[in-house]
1. How much accessible area per residue does the chain have, in Å², with a 1.4 Å probe?
2. Take peptides 227-236, 159-168 and line them up by average Cβ neighbours within 10 Å, highest first, as a rough protection proxy.
3. Taking the dipole about the Cα centre of the chain, with the C-beta of Lys and Arg at +1 and of Asp and Glu at -1, give me whichever of 250, 85, 151 is farthest to the positive side.
4. Return the lysines within reach of residue 281: Cα separation strictly under 23 angstrom, same-chain partners fewer than 8 residues apart disregarded; answer none if there are no such residues.
5. Over the Cα atoms of the range 1-113, Rg to Rh with Kirkwood Rh, two decimal places?
6. Under a cut-off of 14 Å between alpha-carbon atoms, report the aspartates and glutamates in cross-link reach of residue 33, not counting same-chain residues fewer than 8 places apart.
7. Rounded to the nearest 20 Debye, what is the dipole magnitude of the chain about its Cα centre when Lys and Arg each give +1 and Asp and Glu each give -1 at the C-beta?
8. Could you please report the charge total around residue 262, scoring K, R as +1 and D, E as -1 over all other residues with beta-carbon less than 9 angstrom from its beta-carbon?
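The values are calculated or read from the model by the stated rules, or taken from the named source; none is laboratory data. Since we're looking at a predicted model, the values are computed, not measured. Here Cβ is always computed from backbone atoms with ideal geometry, including for glycine, and neighbour counts include all displayed protein chains. With ligands, DNA and RNA removed, areas are computed over all heavy atoms of the protein, side chains included. Shrake-Rupley method; radii C 1.70, N 1.55, O 1.52, S 1.80 Å.
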Amino acid sequence: MAKQNLRGIVVKGVGGVFNVTAQQGKFVCFAPKKLRYNDLCILIGDEVEFERLHGNKGNIVEVLPRKNKLVRPEVANVDVCFIVVASAPEPDFYLVDKVLVNCFHSAIEPVIVVNKTDLGGKLAEECKVEYGKVCDVLETSAENGNADALVPYINGHVACFAGQSAVGKTSLLNALCPTLAEKTGGLSEKSGRGTHTTRHASLHSVCGGYVVDTCGFSLCDITDIRSDELRLYLDDFVTAAHECKFTSCTHTVEPDCAVKKAALDGTLSKARYDRYLEEYKELVEAERNKY
């Protein structure tokens, strides 16, 4: 009688060896090159089928269809993305905007997490003004072990941390589950930037769901989106655009643009609109260079 393959979720992968959690337990699985190096390379968060070998060993035979995929961080099947910012290092809102666009494009719920609130400052209030109409904005202090606001978003879901290094992504994970004791880092005294302590993405069972701890990053490219589609992934812009003269208005050079007007009169964030223009130009330039 042929053995029935098992199903599980990839929680870690290094050098072609993958840790897979299944209903039957935890397995160390290997994969043929045709799975690792084609268009369906195995990612953290992938649901896979594998044949069980001796003990807790297995061979992955199939990657099941994904509902989404983030490029950077490179994770599959994510439900929620926690975009972590802090007063130090200085927030990069251009990065935040790009991650937001990628989340909306991939049907992932974005949540902005303002960490290090124990340091004081007005960053949380600024984020609520900038993004309060776009997504939820939470306040946390990993230093004080205060990360409870994240729990309802994790329970029953796969959640991912994204953001610059040293904003406290791993510290928040440790606050949620102290037994993990993941290594954390701080700011480089020389550059004032974060030091990378998370070398490989991994997925942990936390608070009734899974959390992906990912390497920090300072850049995030918008992929698989045309310049004329960018406007469709900013919900508050879409609402304002109903009053634009042209239904295909890109909110850049067209006359009688309601989005431009809203940005000027303060109905929409002028700073976010200016960053949108930069993102739009970046996509236009990439399209020109493509051909």
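1. Working: 15140 Å² over 291 residues.
On a per-residue basis, 52 Å².
2. Highest mean packing first, the order is 159-168, 227-236.
3. Of the listed residues, the answer is 151.
4. Excluding near neighbours in sequence, the set is 98, 245, 260, 261, 270, 290.
5. Values: Rg = 16.9 Å, Rh = 15.6 Å.
Result for the range 1-113 is an Rg/Rh of 1.08.
6. 62
7. Details: 34 positive and 39 negative charges, 238 e Å.
Around 1140 debye, computed over the chain.
8. Details: positive: 260, 261; negative: 236, 243, 265.
Local charge sum for residue 262: -1.
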